[in-house]
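Every read-out reported here was derived from the displayed coordinates using simple, explicitly stated rules and does not represent laboratory data. Computed from a prediction, not measured in an experiment: that's the story for all the values here. When we count neighbours, we look across all protein chains shown, and the Cβ atoms used for this are built from the backbone with ideal geometry, even at glycine.
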Amino acid sequence: MKCFPLLIEKIRIGCILTFLRRIVMFGKEKTHPTGQPPRSTSSRPRPAASQPIETTIGKNTHIKGDIQGDGGLRVEGIVEGNIVITGNLVVTESAKIIAEIKASNVSIAGAVRGNIHANRLEILDTGRVWGDLAVKSLLTNEGAYLHGQTLMPQDIQPPQIEPLKPKPSEHPQRPQSPKPPVPTLRDVTPKKQ
């Protein structure tokens, strides 16, 4: 009889996985009558790209020191130091980070104090950032807080604005004869003798 609960659990997990696969494979995003997909009001952070998160720092964990790695990192606790990873960084709503961050893509729902270098940065509605940004793409949701300078290092040149030059007229101008002077009130009033 000990096998019976395990069998039920395996069946339940199998059904859930099958259901999730069907949603991913056949599910389409519903659109509003405006033709736009519905806006997510969730502040749950999600990775910017579909790279796996390999390391999670839990809610009850406090790390002081540098973190380096190849792959993704999810922070739910507290980190003080530097974070340098090649994958995505997900900062959950419960997370507090005081660090210089270098990552491929960063999604922030918690609090970060420190400069961020990334290809893509998303600050969700509960996200708060104090620091300078060097990013190629920046997305801030309504309610997000950002205090710092943003630099987008790209090879995009600002538009060059040249002063307007007078257009040569299409018709050649004829020399105009001088117009007779307009009479003034003094010229038209009769003189008294």
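Modelled spin labels at I53 and N119, positioned 7 Å past Cα toward Cβ, are 1.9 nm from each other.
Pairs exceeding a 19 Å alpha-carbon distance, out of K96/K136; K59/K102; K102/K136: K96/K136; K59/K102.
Estimated from the Cβ-Cβ distance and a Förster radius of 30 angstrom, the FRET efficiency linking L138 and N60 is about 0.45. Counting only other residues whose beta carbon sits under 13 Å from that of K96, what net charge do I get with K and R as +1, D and E as -1? Its environment carries a net charge of +1.
Residues within the reach of a label modelled at E80 (point 7 angstrom out along Cα to beta-carbon, backbone nitrogen below 20 Å), restricted to the range 59-74, are 59-68.
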